[in-house]
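Reviewing the structure listed below.
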Amino acid sequence: MTEASSPAKYYQVGTATVEVHPNRYAAGAAAAQAASKALIELAKAHNSIGVIFATGASQFEILNELTRLTDIPWDQIHGFHMDEYVNLPADHPASFRRYLRERLTGKVRMKEFSEIDGNSPDPEQTSQNYAAKLRLADPQVCFLGIGENGHLAFNDPPVADFTDPLDAKIVVLDALCRQQQMAEGWFPNVEQVPARAITLTIPTLLRVPKLIVSVPGIRKAMIVRRALEEAISTECPATILRTRPDTTIYLDLESASELDDVLLSR
Ligand SMILES: O=C(O)[C@H](O)[C@@H](O)[C@H](O)[C@H](O)COP(=O)(O)O
């Protein structure tokens, strides 16, 4: 059997399900299919379904697939995103608003999409208003990636707070996080990576009943190992995903390549 046609493998890690697919396209397609199925079901019971979208390279294949599927009830979906740089113009190549306009909201007709205006004169107020709007929408589905440092949204280790009382907040991005954003190709040099961002907090993300986590690629192999095998702690915020019930982590063979044989033999 060729790698491309080999079937996915499924593992249970804590309460989360881990799916290992032969490549990033298969992983993205599986995640999009799972999301589509859930959204169609939710649309039967809710007029408006809140959905939080992640950005970054890990979401390319999912968004590509989601925007091609014809049965997603976009006209019932109120979309949100999980973070945005402070003081980065919306048309900057690394802006998450630009990313989502190009890959999502410019391609489908959603009921509503709420952007985080990282350029507002009062980012603190913007963050609070966004949190309030999100609470009202009571999101049912959240797409996530995991940073190379283990962060969820911009909740970096070790300051990420699993019991954060805030729903959204302004964070200072540390040197490693800014270096990784640059290395992923979004900025020409680290000096241009903004020092602050507005982010949803970890409790806000974990409150969403269905979490669809996509982590393909060899750059993520070490952090996937830590997220699935290390003790649950803010040293690697993504470890907390193992405590969530309806959570599926979509990997490809590259990002799963450092996983312990013990896990993979289950
Ligand atoms: O909005 C986002 O997407 C988040 O800022 C961030 O947590 C991201 O998911 C990871 O940094 C992974 O990034 P990649 O998708 O580029 O691997």
Q) Restricting the search to the range 126-137, which residues are buried (at least 16 other Cβ atoms within 10 Å of the Cβ) and within 24 Å of LYS37 (Cα to Cα)? A) LEU134, ALA137
Q. Any idea which of (1) without any contact (Cβ under 8 Å) to a residue 40 or more places away in the chain; (2) within 18 Å of the chain's Cα centre (by Cα); (3) surrounded by 17 or more Cβ atoms within 10 Å (Cβ to Cβ) is the one ARG101 doesn't satisfy?
A. (3)
Q: With respect to PRO158, determine if the residue is part of a loop (DSSP other than H, G, I, E, B) and in contact with a Phe, Trp or Tyr (Cβ under 7 Å, 6 or more places away or on another chain).
A: no
Q. Has the range 108-120 got any residue that is over 17 Å from the mean Cα position of the chain (by Cα) and within 16 Å of the ligand (Cβ to nearest atom)?
A. yes
Q. Which residues, taken from the range 230-266, are over 17 Å from the mean Cα position of the chain (by Cα), modelled with pLDDT of 95 or more and not in a loop (DSSP other than H, G, I, E, B)?
A. SER233
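Could you please give the count of residues in the range 138-152 that are within 27 Å of LEU39 (Cβ to Cβ), crowded, with 19+ Cβ neighbours inside 10 Å and either within 16 Å of the ligand (Cβ to nearest atom) or not polar (S, T, N, Q) (or both)? Show your work before the answer.
Pass one, the range 138-152, residues within 27 Å of LEU39 (Cβ to Cβ): 138-147, 151-152.
Still in the list and also crowded, with 19+ Cβ neighbours inside 10 Å: 139-147, 151-152.
Then drop every residue that is not either within 16 Å of the ligand (Cβ to nearest atom) or not polar (S, T, N, Q) (or both), which leaves 139, 141-147, 151-152.
Selection size over the range 138-152: 10.
The values are calculated or read from the model by the stated rules, or taken from the named source; none is laboratory data. Computed from a predicted structure; not experimentally measured. Positions of Cβ are generated from backbone atoms using ideal geometry, with glycine treated the same way; all protein chains shown enter the neighbour counts.
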